[in-house]
1. Return the distance in nm (one decimal) between the two label points of a simple spin-label model at R261 and R107, each offset 7 Å from Cα along Cα→Cβ.
2. Give, in nm to one decimal, the length gained when the segment between R179 and R390 is fully stretched (0.36 nm per residue of separation minus the Cα-Cα distance).
3. Around V76, what is the net charge, scoring Lys/Arg as +1 and Asp/Glu as -1 over all other residues with Cβ under 13 Å from its Cβ?
4. Please compute the modelled spin-label separation between D99 and V65, points set 7 Å along Cα→Cβ, answer in nm with one decimal.
5. Let me have the relative contact order for the stretch 69-156, percent, based on Cα pairs under 8 Å that are six or more residues apart.
6. In the P(r) worked out for the stretch 206-320, what percent of Cα pairs fall beyond 20 Å?
7. Relative contact order, percent, of the chain when contacts are C-alpha pairs under 8 Å separated by at least 6 residues?
8. When you count, for each residue, the other Cβ atoms within 10 Å and take the mean per peptide, how do 395-404, 131-140, 216-225, 17-26 rank with the highest first?
Amino acid sequence: MTQPFPSSTPASAVLSGLGAIRPWLEDLYRHLHAHPELSMAEHETAARVVREVRGMPGGQELEVVEGIAGTGVAVVVRNGEGPTVLLRADMDGLPVAEDTGLDYASRVVTTNLQGESVPVMHACGHDTHVATLLASMRLLLDARQEWAGTVLAVFQPAEEQHNGAEAMVRDGLVERLPRPDVALGQHVLPGPAGSVKLATGPIMASCDDFRITLRGKGGHGSAPHTAIDPVVMAASLVMRLQTIVARQVPPRATAVVTVGRIQAGTKTNIIPSTAVLEGTVRTYDAAVAATCLAAIERTARAEAAAWGAPEPVIEHFDHLPVTDNDPGVTERVRAALVAELGGEQVRVFEPESGSEDFSALPDAWGAPYTYWGFGAFDAQEWVQAEDGGRTDDFPDNHSPHFAPVLQPVLDTGVRAMVAASMAWLGDRHWAVQPPSIV
Ligand code: ZN
Ligand code: ZN
């Protein structure tokens, strides 16, 4: 029987260098925080990543693939025979005006793709992901004798736009990089600093956005019988779509169908010729998502047919897969995190209805993965709030007030990433007998 750690080198052998690089890590983080960039515009961030990697021990010789899907960067560290471990950090900020009062707060204002002037902030904490992944790489490079295998560090653009991972895959990720045996990702989230949270199975929902353009026949508001009214058609369709989850999704499954936007008409006495509905489907199971999307399409076509209207136009955009943590990989990472951080710092990740595009990377190779969270806020304040049922008082990701405490957030991100990686890279038996779980 394969044991979780047949002969692993402990992560502490690599992490012993953390104290020495901490000032660099904190400066790097503060710089990234003060200089956020929008999705697909992470040019300076990507350049900084490459500069930092080149400056690391042996960095000049590393294989660095730049410009994947524009700003994506992948670094390949080959260190003898062993497992290949993909580590992922997303790089983009958000169009949010920072209001944290931090002395390293962003004051960046930029022009978005629509030509509008917008403020930019690392309101989702992706700066912690970039900084802690670079620090993890530096420690691993400093301690090459402690591990064997290949590290594949992926710095991904445009997670917030939901298409950065997919864009990297479309730009030849699989052909350009070695196949990972396992992929690991992490996200800073509300929670006590110093802790991590993880869970097996689906932890973040899939997302499928849709647009339905109902086509009627325009006319005078006083003579509806001469027209086909898309406003009434849209009203009826919105109500019918709300019955999909109630009547067509199995009770044990979870799904949300929301119509978040509806637009038609210009004036009281004109029956418009079209109405547009936009909405989103969230589930934890691809089959349930398919059921909902098929029902939406069928219902929209039937609604139009009932009115004798032309076929509606149905479009799909912004697909995000379920983040479905592999049980074997997750348990192996859990054991590594418990060993490094202590059992009391390893919490349970309750499934969230938010979505994340990380899994598109491992899915491109069919590689197993796990994705965990690490806490952003002062632990004492968090635990007090938890006791009083007031954790919602803390700002969530995307808030202009989202300000992770510098430490122990950064140290925890590095310790978690290195410990999880070493669960594979430190396994001296890998070459002889790859663990059955991967
Ligand atoms: Zn976000
Ligand atoms: Zn995020």
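1. According to this spin-label approximation, the distance is 3.4 nm.
2. 71.5 nm
3. 0
4. 4.2 nm
5. 53 percent
6. 41 percent
7. Relative contact order of the chain: 25 percent.
8. So the peptides 395-404, 131-140, 216-225, 17-26, ranked by packing, come out 131-140, 395-404, 17-26, 216-225.
Quick note: the coordinates plus some simple rules give every number you see, no bench work behind them. Computed from a predicted structure; not experimentally measured. Quick reminder, even Gly has a Cβ in these numbers, built from the backbone with ideal geometry, and neighbours come from all protein chains shown.
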